[in-house]
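Peer 1: My questions all concern the structure below.
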Amino acid sequence: MISKSVFPRHSKADLAVASHGDGCFIVDKAGKRYLDASGGAAVSCLGHSDDSVRQAMIKQTETLAFAHTSFFTSEPAEALADLLIANAPKGVTRAYFVSSGSEAVEAALKLAKQYYVEIGQPERHRIISRRQSYHGNTLGALAAGGNVWRRTFFESMLAETSLIAPCYAYRDQQAGESEYDYGQRVANELETEILAVGADKVMAFLAEPVVGATAGALASVPGYFTRIREICDKYGVLLILDEVMCGMGRTGSFFACEQDHITPDIVTIAKGLGAGYQPIGAALCTDAIYDAIAAGSGFFQHGHTYLGHPVACAASLAVMHRILDDDLCARVRQQGALLNDRLHARLGQHPFVGDIRGRGLFRGIELVQDRTAKTPFARARNIAGTIKKKALDLGLICYPMQGTIDGQQGDHVLIAPPFIIAATEIDLLVDLLGTAIDHSIASSA
């Protein structure tokens, strides 16, 4: 019996009732099993029944469930911070815990602004990010992103943000242009925009190392982020990397930016940080940012009731130990390569698949009506929505989205299964996904 009291995400959706988790599967109340090929929204990196995380949560509730951080710290928060910083990019030294990815980005933006106030540059306020980005659903995070669909109802409430081109080689690399030259060209848009706004007014550049929901596992070309880092350093602009979806091992390295060989000033994490067992996120920063506040006001003018929650931190600590102690990043690289091979074998020559991309167990399939011209399907056909429904009917959870190209046109499917996924489950995933794509395109013609 579905309650009439819940305010659902979609008033017209007819949702099954989830009953329990079993490894990479969720089982509904009727007993139907669903292979979770997207980890929900790239969250469930350990699947849905990891006993070590469950036991850590139970143990923590038996000693301390909650202590407000204006009065106390807690052992799980201290241990989790130490573990994250020990494995963070060189120079990232402090962790500020929150309860979600949106909160982590919101905290990062406010931290950046307060940093400039503390060092005597209060005029810096402008954020530059990229079209086809997504950084969260709170007003500050939403304003800082380029997700057209999510912004629509709230445009009049959003702070002004500059948006430059994404690094989207499949669509924007020019004929005769090398991959490297393309990356440098679009990276240089950041310098152009900084100068247009006024270098003394720009606060931060915000980007996902691998773009998730909005563009479908879109990774930059080699050299792109190196140039971005150079430009930020040249003009004293903070580089904030949003690893909420792509971090914590998802792309095959603990932090996604390791593969781009750069260090951010602030990096945000969530989703895989708690693996879905508890809501948790974090903003990590360098000593330069922390020290400016510590030597100035001494107080970060921000906070939420549940930040640094002991049970959430205990759950996350268990998740991080599973990822690090069991070297699941190596497993992600191995299974990610297998997934990539299977996707290419099944869909690489598919007449309606334009691009298969991503890193590790973070893969995107871009769908097109014409492979040669890269023409997207008409939005009215709702290819992404039809795939999602058909996949669920078949017992597969995936993450299709519309608006891949410009917020309106284009369809893709995001795949982000648990790190524990077996080869046989990868085969099942690809088979069901291929069937869902074939059926959806045929039925919407």
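The values are calculated or read from the model by the stated rules, or taken from the named source; none is laboratory data. Note that the coordinates shown come from a computational prediction; the quantities given were computed from them, not determined experimentally. All Cβ positions, even for glycine, are placed from backbone atoms using ideal geometry, and neighbour counts span all protein chains on display. For accessibility, only protein heavy atoms count, side chains too; no ligands or nucleic acids. Shrake-Rupley method; radii C 1.70, N 1.55, O 1.52, S 1.80 Å.
Peer 1: Work out the charge dipole of the chain with +1 on the Cβ of Lys and Arg and -1 on the Cβ of Asp and Glu about the Cα centre, then indicate which of ALA391, VAL105, PHE362 is farthest towards its positive end.
Peer 2: Result: ALA391, furthest along the dipole toward the positive end.
Peer 1: Right, here's the next one. At 1.4 Å probe size, what's the solvent-accessible area of VAL27? Round to the nearest 10 Å².
Peer 2: Surface accessible to solvent at VAL27 totals approximately 10 Å².
Peer 1: Also, I was wondering about something else. Of all the accessible heavy-atom surface of the stretch 14-159, with the other protein chains kept in place and a 1.4 Å probe, what percent is carbon and sulfur? All intermediate terms of the calculation are to be shown ahead of the outcome.
Peer 2: On the way: 4120 of 7120 Å².
Result for the stretch 14-159: 58 percent of the exposed heavy-atom area is carbon or sulfur.
Peer 1: A further question on this structure: Search the structure for amide H atoms under 5 Å from the amide H of ARG359, placed 1.01 Å from N in the peptide plane, and list their residues when 5 or more places away or on another chain.
Peer 2: Amide H neighbours of ARG359, under 5 Å, 5+ apart: none.
Peer 1: Let me ask something else about it. Enumerate the whole-percent occupancy of each 20 Å bin, from 0 to the last occupied one, for all C-alpha pair distances of the chain.
Peer 2: Using 20 Å bins, I get a P(r) of 25, 59, 16, 0 for the chain.
Peer 1: To continue, here is another question. How large is ³J(HN,Hα) for each residue in the stretch 376-383, as worked out from phi by the Karplus curve 6.51 cos²θ - 1.76 cosθ + 1.60 (θ = phi - 60°), to whole Hz, x for Gly and Pro?
Peer 2: Running phi through 6.51 cos²θ - 1.76 cosθ + 1.60 with θ = phi - 60° gives x, 5, 4, 4, 4, 6, 6, 4 Hz.
Peer 1: Determine which lysines satisfy two conditions relative to LYS110: a Cα distance under 17 Å, and not lying fewer than 8 residues away in the same chain.
Peer 2: LYS201
Peer 1: I've got another one for you. So which of LYS32/LYS388; LYS12/LYS390; LYS271/LYS390; LYS32/LYS271 end up more than 20 Å apart, counting from Cα to Cα? Write down the numbers at each step before the final one.
Peer 2: Values: LYS32/LYS388 16 Å; LYS12/LYS390 17 Å; LYS271/LYS390 26 Å; LYS32/LYS271 25 Å.
Check vs 20 Å cut-off fails for LYS271/LYS390; LYS32/LYS271.
Peer 1: If each residue of separation counts as 0.36 nm, what is the full-extension length gain between LEU64 and THR192 once their alpha-carbon separation is subtracted?
Peer 2: Numbers: separation 128, 0.36 × 128 = 46.08 nm, distance 5.17 nm.
Here the segment from LEU64 to THR192 would lengthen by 40.9 nm.
Peer 1: Whole-Hz Karplus ³J(HN,Hα) for the stretch 54-65, in order, using 6.51 cos²θ - 1.76 cosθ + 1.60 and θ = phi - 60°, x for Gly and Pro?
Peer 2: 4, 5, 5, 5, 4, 4, 5, 5, 6, 10, 7, 8
Peer 1: Considering amide H positions built from the backbone, and no H for Pro or chain starts, which residues 5 or more places from GLY354, or on another chain, come under 5 Å of its amide H?
Peer 2: Correct list: GLU366, LEU367, VAL368.
Peer 1: Mind giving me the FRET efficiency for HIS10 and ALA295? R0 is 56 Å, r the Cβ-Cβ distance, nearest 0.05 is fine.
Peer 2: 0.70
Peer 1: Right, something else. Taking the square root of 5 times each eigenvalue of the Cα gyration tensor, what semi-axes in Å does the equivalent ellipsoid of the stretch 139-204 have, largest first? Spell out each step's value before the answer.
Peer 2: On the way: eigenvalues 141, 61, 10 Å².
Sorted largest first and rounded, they come to 27, 17, 7 Å.
Peer 1: Another one. Quick check for me: using +1 on Lys/Arg Cβ and -1 on Asp/Glu Cβ, what's the dipole size of the stretch 289-346 about its Cα centre, in debye to the nearest 20? Provide the component values of the computation, followed by the final result.
Peer 2: On the way: 5 positive and 5 negative charges, 69 e Å.
Here the size comes out at about 340 debye.
Peer 1: Considering the dipole of the stretch 240-332 built from charges on the beta carbon (Lys and Arg +1, Asp and Glu -1) around the Cα centre, which of CYS246, PHE300, GLN259 is farthest to its positive end?
Peer 2: Result: CYS246, furthest along the dipole toward the positive end.
Peer 1: Right, another one. For an R0 of 45 angstrom, estimate the FRET efficiency from the Cβ-Cβ distance between GLU179 and ASP427 and round to the nearest 0.05.
Peer 2: Values: r = 31 Å, r/R0 = 0.70.
Calculated value: 0.90.
Peer 1: Continuing with this model, one more query. With every protein chain left in place and a probe of 1.4 Å, what is the accessible surface of ILE405, to the nearest 10 Å²?
Peer 2: Spelled out: ILE405, probe radius 1.4 Å, area about 50 Å².
Peer 1: Using a 1.4 Å probe, what is the accessible area per residue for the chain, in Å²? Walk me through the intermediate numbers first.
Peer 2: Working: 18880 Å² over 445 residues.
So the chain comes to 42 Å² accessible per residue, rounded to a whole number.
Peer 1: Considering only protein heavy atoms, with the full assembly of protein chains and a 1.4 angstrom probe, order PHE7, PHE299 by accessible area, largest first. Don't skip to the answer; put the middle values down first.
Peer 2: On the way: PHE7 190, PHE299 115 Å².
Descending accessible area places them as PHE7, PHE299.
Peer 1: Here's something else I'd like to know. Once the whole set of protein chains is in place, how much accessible area is left on ASP341, using a 1.4 Å probe, in Å² to the nearest 10?
Peer 2: Surface accessible to solvent at ASP341 totals approximately 90 Å².
Peer 1: Within the set of other residues whose C-beta is less than 13 Å from the C-beta of VAL148, count the net charge using Lys and Arg as +1 and Asp and Glu as -1. All intermediate terms of the calculation are to be shown ahead of the outcome.
Peer 2: Details: positive: ARG130, ARG131, ARG150, ARG151, ARG379; negative: GLU155, ASP406.
Net charge around VAL148: +3.
Peer 1: Got a sec? Charge dipole of the stretch 32-176, +1 on Cβ for Lys and Arg, -1 for Asp and Glu; which of SER70, SER52, ASN87 is way out at the positive end?
Peer 2: Value: ASN87.
Peer 1: Related question: Expressed as a whole number of Å, what is the distance separating the alpha-carbon centroids of the stretch 326-392 and the stretch 218-290?
Peer 2: With the stretch 218-290 and the stretch 326-392 each reduced to a Cα centre, they are spaced 24 Å.
Peer 1: Ordered by residue, what ³J(HN,Hα) values in Hz, to whole numbers, does the stretch 246-251 give under the Karplus form 6.51 cos²θ - 1.76 cosθ + 1.60, where θ = phi - 60° and Gly and Pro are x?
Peer 2: 9, x, 6, x, 4, 9
Peer 1: Something else about it: Rank these residues by their accessible area, most exposed first, probe 1.4 Å: LYS29, LYS374, LYS4, LYS390.
Peer 2: Values: LYS29 155, LYS374 65, LYS4 190, LYS390 45 Å².
Most to least solvent-accessible, the answer reads LYS4, LYS29, LYS374, LYS390.
Peer 1: Something else now. Charges only on Cβ, +1 for Lys and Arg, -1 for Asp and Glu: so what's the dipole of the stretch 73-204 about the Cα centre, in debye to the nearest 20? Let's see the in-between values first.
Peer 2: On the way: 13 positive and 17 negative charges, 49 e Å.
Dipole size: approximately 240 debye.
Peer 1: Sticking with this one: Looking at the chain, send over the antiparallel percent of its DSSP beta bridges, to the nearest 5. If you can, show how the numbers build up before the last one.
Peer 2: Numbers: 35 of 51 bridges.
About 70 percent, rounded to the nearest 5.
Peer 1: Same structure again: Could you pull out every residue, at least 5 positions away or on a different chain, whose amide H is within less than 5 Å of the one on PHE377? Hs are placed 1.01 Å off N in the peptide plane, and Pro or chain starts have none.
Peer 2: GLN369, GLY410, ASP411
Peer 1: How far apart, in nm, are the 7 Å Cα→Cβ label points at THR372 and ALA165?
Peer 2: 2.5
Peer 1: Could you give the size of the charge dipole of the chain about its Cα centre, using +1 on the Cβ of each K and R and -1 on the Cβ of each D and E, expressed in debye and rounded to the nearest 20? Present the calculation step by step, with values, prior to reporting the outcome.
Peer 2: Values: 41 positive and 48 negative charges, 246 e Å.
Magnitude of the dipole: close to 1180 debye.
Peer 1: Moving on to the next point. At a Förster distance of 30 Å, what's the computed FRET efficiency of ALA288 paired with LEU83, Cβ-Cβ distance as r, to 0.05?
Peer 2: 0.85
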